[in-house]
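K.L.:
Below you will find the structure I want to go over with you.
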Amino acid sequence: MARAGLKVRSKVLISAVADNIFLMKLAGPEIFEYSGVWPRDPFVPAAKLTAALAAQLAIPVKFEYANGVVGRIFAPAAVSATVLNAHRGILNILQLNLKKTQNVYELQEAGAQGVCKTHYVISEGAKAEHIVVTKSKDLNNCQERVIKDMGLAYLETLHAKSLTGAATYTYIMKAGATGALITEATVRELHQVTPIADMGGVAEMEAKQYLTFVEIEKGPIAPIKADYVARGSLMYEFATEILQTPIQLMRISNAHAQIVEILEHVVANNVAKVHEDAPLKFIELIQVLRVATFENIEAIWAQFRARPAYRRWIVDTIPVVGTPAAVMFIKQKFLAGEITVPETVQILVAAVHMVPADMEIIRLVSTLALHHKVQANPVLREIAMLGYGTMIAKYCAAVPTCPAELLKPIHDRAIEAIAKVDVAEIILLVKVLGNAGHPASLKTIMKILPGFGAAAAALPVRVRVDAVLALRNIARREPKMVQPVALQLFMDKALHPELRMVAAVVLFETKPPVALVSTVATVLKKEKSMQIVSFAYSYIRALTRSTAPDLAPVAAACNVAIRILNPKLDRLSYRYSKAIHFGIFRRPEMAGAAATAFIINDGATLLPRAVVAKARAYLAGAAADVLEVGVRTEGLQEALLKTRALKDLENDRLTKMERVMRAIADWKALPVTHPLASVYIKFFGQEIAFAHFDKALVDRAVELATGAEARTMLKDALMALQAGVAAQVAKPMLVAEVRRIFPTAVGVPMEISLYSAAVAAAAIKVKATITPPLAEPFVAAELLKADIKFDAEATPSIAMETFAVMGVNTALVQAAVMARVKAVTVVPARLAIKADIPKLNFRIEALPVEVPEHIARVRVETVAIARNIENIAAARITPVIPAIAAKQSTISISRSASHARSSEIIHSYSSSEIKPQLRAGTPIHKTICIPVALLGLKGCFELTSSNAAFIKNNPLLNLVGQHSILVAVRPAEGPAIERFEIEVQVGPKAAEKILKEINIIDAASPEGRIIIDKLKKIIEPAVKYSSSSSSSSRRSSISSSSSSSARSTMAVGKAASSSFTSLIRSAWFGSSSILSSSSSSSSSSSSSSISSSSHMTKFLGNAVAPAVVAIVRAVRADHKMLGYQAAAYIDKANLRVQTIIAALAEADNWKMCADGVVLSKHKVMAKVAWGAECQEFAAILKAEAGLLGAHPAARVELEWEKIPAAVTAYAGRLAKYIPHAAMMAGLTMTKAKNGAKQIEVTVAIPTDRTADIIVRLPRMTLSKLALPLPIALPIGADAVIRTIPEDSILAQLHFLYAEATSVQCSMERDMVTTFNNRKYKNEMPNSCYQVLAQDCTKELKFSVLLKKDQLTAQNHINVKIADMDIDLYPPGSAVMVQINGMGVPISNLPYKHPSGAVQIIEKAQGVSLHAPSLGLQDVFIGKDAWRVNVVDWMKGQTCGLCGKADGEIRQEYSTPSGYLTKSPVSFAHSWVLSAESCRDSTECRMKLESVKLEKEIINNGQNSKCYSVEPVLRCLPGCLPLKTMPVTIGYHCLPIDSSTVDLSNIFEKSVDLRETAEAHMACQCHARCA
């Protein structure tokens, strides 16, 4: 294999000048280059470079040297940094820290590469008086490493090192009277790069040095006559190699002229299509601009800013230049108004991530971001401020000691914004601090975190959430600082659940130890919020499966924590918050990927409150969060769905509702949700953009889209298209620039870098023709009456080059191994699109275009390069793998039209013929051509490959070498194709478009039988040839064995599954009275039933015209038809649809026939047959619905008569993975001998939110009982779809959505089932209203009250909604509905409010009220039961006997004051509307009050009296209880000697004990009661 290298040979003279001061001079230096096959080829002298550097090399340098340690170095200014570094490499040999008392020791020693761990071994040599000193430097263990990284700021380094380095020094010394003389010194430094895996091959870089003592000369070295200035220490100093790209060496003598020359080249050669060398030219332009001064860049801008093509190239290039001059140019030109806002946005987005960060760059970005002109533009302000934080993060990644003063302007602004409670400003500044990730920002962020700062209480939840998320980047740098903050937030049960969940995210990103994770698990065991429990448990469970090395300690800790928690938590439904984490990491390749999603909910609504999705990648020992997207939908569903029609009645309605709520003791309203949607995007852990959308913004967008301005823009666009639009666009992009530069012991820098650049170009022409022409004034609806035609032509092309370089890179000389990937693609296209809307005719035509020889070219080559700046033309480039004659083979695939459609032949070919032989010592050259007869084209792929795998078969050596792929599209043999077209005709004119008459064979007719017999003789031999005898025998054996037991009863593992399965076997639809026929067995052949049906054997085209015809064809020069024709026929009378697809070729009888029919209300059937005359293959699909026992159910069955062998083969392979997938999905699987040629899926719906599923496959049965459904199905207990009380389609869809996503509370007799499906017994007090369910926000959109009548003992419901007070009574009452005190007869129902927001209908032996736009989906009252359904967006905002509908079953019994009681009786009583007087009209004679415990107790060692902290129902003064019941409540105790007892705030006191008290349930009052 070839290598590249550099060698310097010289005589070194060292002379003492004074005490500890020496001069060193190089005598006769020579420089050699190497690029060739090692060790065959020799080094070649670089005579011109030696001559050019001779003057500098001849200058002596001065250095301090004492006790074996090199001190400061002095040299004249004429000595360049590159030459001085070469001197440092020689002096580095002299660095020796010898100890007289130890022979083996280690220390941190300074050297050219930095201060690194060095190991010394001193021993006696083989020769007398010789001492051998060996020292080894571990270059991966340095206190201070001299290294320069570019483009690596976003990467996290894993424990596995992809770059390792070490240097060994061997000295042979001879002891003398005055010291030791170094007679010989040898240095060898080795760096290994493992880009793929430890065992996947390594690339090596080696540096060697030999210093041999020759003689002692008497003459001293004379310094030159120049000032010797201090030039630093022994440590390497970076020179111009930072500005020098390693992929090319350029002599830049006149930057302005060279920039102009490159610009003219790229503009001129990337017009119609991209030039293949455009990416390299783009990199060359970047390199020259990096050397250019600010004045050069300004002059270029002044010369070309008025020329659009040149201007675009400059605007695209400037952001990636990354020099202070370029950043200064961006700043000045924006402030001067010379670049537009869109151009500035593009420049800033690119510059933030491509510009290397240093103090000067940060200063420039800071002044730009904080400038008033940028601050005045919201978009620019956001991008610039976020970019400021990103620049600080990049700088701190390179300089860990970066000062906190960099963020002082942001900290000051944040403190000011917090003081003013400026929410928008706080959010932006918090995100800036989050991007920066500096530990000094923790104090500022904590000011807006609850429990740490007083300002948090006044801020919305979303601001505090953003503040917590801003801690993540800080946690990566200082996890120990963030862990206590995140843990405290997570454990604070008073905080909003969303805030606690994001705190858990931050906590786990600090990679907590096992003790901390166990603490979290212990807290979860006692946690009341199921949202928190579900989220944290799912995250812990997901992390246990992580295999990534950075998460290995966390995964181990989570495995311990999962043992502490209850495994039943796995069963929590999707309505609860979840964390999902999937990842794969392959250690042999050191590569992997992970995806994480956080679904955060706080009210069990269908739409979660927030969703965050993140993708993480692992490669070559590094990891990075590539992309993260977060979306919030807080209140958005409510804003879109609730009505605004009653806004005029708002004040009066609220007054009435508040008057009612005063009767509830200590009622506290829930906070109102402010409708808001927001989104943010992070790239490599840095937030690059975010946006907020509220209802006002959405309304404004709709207004603009439907306003006059939008119509004007549409008209102008159409006019421009009719005149013709032509554009030529070129867009360059520097995709990647990743560099690592580090010095070697010899003073020469080594570099590993990756460059990737791409240039896209396109020439586009579009012209429209509209008939008739547009009228004035323009109306968009006129387009629906027009014939519109578009002619479009485009030539998109992309050129991309990627370089991976390893070796020496300086501004003077380069010696490196470079892998280069070059890809060019050109795909011309010309289309004619026609839409004749009145005639319902639509056509797309692909017209012939001039196709290049290759539409895609990819070339990979690995070469060894040696070149110097003085003789660039003599650059030596050697392929790493020497050229060898290639072994050529050509594969041509030629298939007839019928064979091309046969899956059997395709499978046979793909498994046996296409087997690329790439791993061989001999190069490979293969050409594969695949004809596509329909398009009249053939695609040819030419592959050439030569790699180094013959040396050792590992991934790296497989990549090294030369590879090329050429893709060409050429005309196929035969007549030319004029065009390719797709046409669709809908409506009565469809029949006119049929090109080939369709004839369907009737198998029952004599003619049909003759044709089928002939087809069998043709088809059967081909089928036998393409199918193996073993598979045939296997299929026959399966068929014979399954025919006898196709419907035998199978045993499922669990008893529940077994009983369910047997129930299906014995009673499937057997008890259903709604089906026209029942079926207890499905073993009969469906095909025979279809064949026996008279109407299924007829061709519908003989009776009805086609409804739709679609033609896909190629128009040939010989006018022969080629393509496919599809026709759809609809028989409305028989509820039947038939679709026939036929080949247009005259001799081709291939067809596909699809026939579907509705057999009854509950059964449909379809048959699909294809092949010659639709007789080769066939499959039948049946679907039926009905009852399974008492539950509604559906069954879908797929049977096949014959299918292609390829499908069977692939299905067999897939079946191997089904058991594992079933286990992961929680399905029960048993082996069974079901029908060999059928698949059956049965779904039963025992409740509207659960399903029982059984899937029968030929060899196994899968089942799952009580599978939670994401939405509630609109199916009642009687298995009939519920009535939809709406007229319009849109209203019906809205109703169905609200019904499916609503949540229900109900009561049968005295058993209440809450919204959260928790049951308790409610013994109601007589004649007192209880709050059943109401909107508990300050909006009070509705209130549903329940009362038990004392005389009739019947319940009735009162609904306060809109401007109505509605009373609903059970059936049998004299009046069932009263609205505002007026009775409404049943005969007058349905009733609809004038606004349309409220409807009352008679339904299912009761009365039902619907108001979904106001939050109430359904309020139903029947004879012995009632139910209340609230819409999805009201979840978490309700209160009353039915609960909050938030899924928090552990917090169900919440009283009006927010107190959480343990007693359901106390909870129910707390929602009673107390009476103010025994004479009021409600007939309620009770109130809620605190009661005193009748006995004294000893509390905390002293006698105490106790008062209840939960209200108890008691009769009003002057009334006596007729009925009582015990209730267990909490008491707060006070010392018995307390003189006064203040009961005004007793309900807020803590509970000291729980005792039973007496609650009054019915009262009788005296005539003179108060």
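The values are calculated or read from the model by the stated rules, or taken from the named source; none is laboratory data. In this text the structure is predicted, and so the values were computed from the model without any measurement. FYI the Cβ positions are ideal-geometry reconstructions off the backbone, even for glycines, and counts take in every protein chain you see. Note: accessible area is taken over every heavy atom of the protein model, side chains too, but ligands, DNA and RNA are not part of it. Shrake-Rupley method; radii C 1.70, N 1.55, O 1.52, S 1.80 Å.
K.L.:
I'd like to check one number: the per residue accessible area of the chain, probe 1.4 Å, reported in Å² as a whole number.
P.N.:
Working: 73600 Å² over 1570 residues.
Ligands and nucleic acids excluded, the figure is 47 Å² per residue.
K.L.:
Run the reach check for residue 25 against lysines, Cα to Cα strictly under 22 Å, same-chain hits fewer than 8 apart removed. What comes back?
P.N.:
Filter leaves 7, 11, 48, 62, 208, 218, 225.
K.L.:
Using a 1.4 Å probe and ignoring any ligands, DNA or RNA, find the accessible area of residue 925 and quote it in Å² to the nearest 10.
P.N.:
My reading of the accessible area for residue 925 is about 30 Å².
K.L.:
Using the basic label-point model (7 angstrom from Cα toward the beta carbon), what is the residue 181 to residue 849 distance in nanometres?
P.N.:
For the pair residue 181/residue 849, the computed spacing is 8.0 nm.
K.L.:
Could you calculate the contour length gain from residue 1318 to residue 522, that is, 0.36 nm times the residue separation minus the distance between their Cα atoms, to one decimal place in nm? Numbers along the way, then the final one.
P.N.:
Details: separation 796, 0.36 × 796 = 286.56 nm, distance 2.53 nm.
Residue separation times 0.36 nm, minus the Cα-Cα distance, leaves 284.0 nm.
K.L.:
Still on this structure, I have one more. At most 10 other C-beta atoms within 10 Å and a DSSP loop state: those are the exposed GluC sites (Glu not before Pro) I care about. Give me the longest piece of the chain that has none. If you can, show how the numbers build up before the last one.
P.N.:
Working: sites that count: 129, 215, 217, 850, 853, 913, 973, 997, 1146, 1494.
Between the exposed loop sites, the longest stretch runs 218-849.
K.L.:
Still on this structure: For residue 716, what accessible area in Å² do you get when you roll a 1.4 Å probe over the heavy atoms of the protein chains, rounding to the nearest 10?
P.N.:
Its accessible surface works out to 90 Å², give or take rounding.
K.L.:
Enumerate by residue number the trypsin sites (Lys or Arg not before Pro) in segment 1393-1480 meeting two conditions: DSSP loop (anything except H, G, I, E, B), and at most 14 other Cβ atoms within 10 Å of the site's Cβ.
P.N.:
Qualifying residues, ordered by number: 1423, 1462, 1479.
K.L.:
Looking at segment 164-234, which trypsin sites (Lys or Arg not before Pro) are DSSP coil and have at most 15 other C-beta atoms within 10 Å of their C-beta? Display every interim value, and only then the final one.
P.N.:
Details: sites: 174, 188, 208, 218, 225, 231; in loops: 218, 225, 231.
In loop regions of segment 164-234 (DSSP not H, G, I, E or B), the sparsely surrounded trypsin sites (Lys or Arg not before Pro) are 218, 225.
K.L.:
With r defined as the distance between the Cβ atoms of residue 1480 and residue 709 and R0 fixed at 56 Å, what FRET efficiency is calculated, to the nearest 0.05? Kindly include the intermediate steps, with their values, before the conclusion.
P.N.:
Details: r = 59 Å, r/R0 = 1.06.
Once the sixth-power term is evaluated, E becomes 0.40.
K.L.:
Next question. Taking a ≥ b ≥ c as the square roots of the eigenvalues of the Cα gyration tensor of the chain, is the shape rounded (a/c under 1.5), prolate (a/b larger than b/c) or oblate? Could you put the intermediate results ahead of the total?
P.N.:
Details: a/c = 2.04, a/b = 1.34, b/c = 1.52.
Verdict is oblate for the chain.
K.L.:
Rounded to the nearest 10 Å², what accessible area does residue 927 have for a 1.4 Å probe in the complete protein model?
P.N.:
Approximately 30 Å² of residue 927 is accessible to the 1.4 Å probe.
K.L.:
At a 1.4 Å probe radius, carbon and sulfur cover how many percent of the accessible area of segment 1321-1379? Walk me through the numbers on the way to the answer.
P.N.:
Details: 860 of 1810 Å².
Answer for segment 1321-1379 is 47 percent, counting heavy atoms of protein chains only.
K.L.:
Along the charge dipole of the chain, Cβ charges K/R +1 and D/E -1, which of 980, 961, 991 sits furthest on the positive end?
P.N.:
Value: 961.
K.L.:
Are there trypsin sites (Lys or Arg not before Pro) in segment 483-526 that DSSP marks as loop and that have at most 13 other Cβ atoms within 10 Å, and which are they? Each step should come with its number before you reach the end.
P.N.:
Details: sites: 493, 500, 525, 526; in loops: 493, 526.
Of the trypsin sites (Lys or Arg not before Pro), the ones in loops of segment 483-526 whose Cβ has at most 13 other Cβ atoms within 10 Å are 493, 526.
K.L.:
Can you grab the distance from the C-alpha centre of segment 1160-1214 to the C-alpha centre of segment 1350-1395, Å, no decimals?
P.N.:
51
K.L.:
Shifting gears a bit: Using a cut-off of 15 Å between alpha-carbon atoms, which aspartates and glutamates can reach residue 273, once sequence neighbours fewer than 8 places away in the same chain are excluded?
P.N.:
793, 850, 853
K.L.:
Please give the Cα centre distance for segment 102-153 versus segment 773-789, rounded to the nearest Å.
P.N.:
Cα centroid to Cα centroid, the span is 82 Å.
K.L.:
Pairs of alpha-carbon atoms within less than 8 angstrom and 6+ residues apart define the contacts here; what relative contact order does the chain have, in percent?
P.N.:
Numbers: 3353 pairs, mean separation 109.1, N = 1570.
So the answer I get is 7 percent.
K.L.:
On to the next question. Do any of 1163/1202; 331/447; 767/938 go past 27 Å between their Cα atoms, and which? Walk me through the numbers on the way to the answer.
P.N.:
Numbers: 1163/1202 24 Å; 331/447 33 Å; 767/938 30 Å.
Violating the 27 Å Cα-Cα cut-off are 331/447; 767/938.
K.L.:
Relative to the Cα centre, what is the charge dipole magnitude of the chain, using +1 at the beta carbon of each Lys and Arg, -1 at the beta carbon of each Asp and Glu, and rounding to the nearest 20 debye? Numbers along the way, then the final one.
P.N.:
On the way: 174 positive and 140 negative charges, 616 e Å.
With Lys and Arg at +1 and Asp and Glu at -1, about 2960 debye.
K.L.:
If you check each cysteine of the chain for another cysteine whose beta-carbon is under 4.7 Å away, which ones come up empty?
P.N.:
If one checks each Cβ against the other cysteines of the chain, 558 turn up with nothing under 4.7 Å.
K.L.:
Using 7 Å Cα-to-Cβ label points, what is the residue 1119/residue 1451 separation (nm, one decimal)?
P.N.:
8.0
K.L.:
Work out, step by step, the length gained on full extension between residue 311 and residue 552: first 0.36 nm times the residue separation, then minus their alpha carbon distance; give nm to one decimal. The partial results should precede the final answer.
P.N.:
On the way: separation 241, 0.36 × 241 = 86.76 nm, distance 5.07 nm.
So the chain would gain 81.7 nm between residue 311 and residue 552.
K.L.:
Right, something else. Could you check the simple spin-label distance between residue 303 and residue 424, using points 7 Å along Cα→Cβ, in nm with one decimal?
P.N.:
4.4
K.L.:
Let me ask another. Please name whichever of 1124, 1300, 871 sits farthest to the positive end of the charge dipole of the chain, dipole taken about the Cα centre and charges placed at Cβ: Lys and Arg +1, Asp and Glu -1.
P.N.:
Farthest towards the positive pole: 1124.
K.L.:
Please work out how much length the chain gains when fully extended from residue 358 to residue 375, using 0.36 nm per residue of separation minus the C-alpha to C-alpha distance, in nm with one decimal. Walk me through the numbers before you get to the answer.
P.N.:
Details: separation 17, 0.36 × 17 = 6.12 nm, distance 2.34 nm.
Going from the current span to full extension adds 3.8 nm.
K.L.:
Within the accessible area of segment 951-1002, what % is carbon and sulfur when the probe is 1.4 Å and the other protein chains stay in place? Before the final figure, lay out each step's value.
P.N.:
Details: 1760 of 2910 Å².
Result for segment 951-1002: 61 percent of the exposed heavy-atom area is carbon or sulfur.
K.L.:
Another question, then. Given the peptides 1526-1534, 823-831, arrange them by the average over their residues of other C-beta atoms within 10 Å, most packed first. Numbers along the way, then the final one.
P.N.:
Numbers: 1526-1534: 19.4, 823-831: 17.7.
Result, highest mean first: 1526-1534, 823-831.
K.L.:
Assuming R0 = 25 Å, what is the FRET efficiency of residue 832 and residue 1104, from their Cβ-Cβ distance, to the nearest 0.05?
P.N.:
On the way: r = 32 Å, r/R0 = 1.29.
After rounding, the FRET efficiency stands at 0.20.
K.L.:
Estimate the FRET efficiency between residue 1462 and residue 488 by the formula 1/(1 + (r/R0)^6), using the beta-carbon distance for r and 25 Å for R0, to the nearest 0.05. Spell out each step's value before the answer.
P.N.:
Working: r = 27 Å, r/R0 = 1.09.
Efficiency for this residue pair is about 0.35.
K.L.:
Angle between the Cα long axis of helix 81-91 and the longest principal axis of the chain, 0 to 90 degrees, nearest 10?
P.N.:
Approximately 70 degrees, to the nearest ten.
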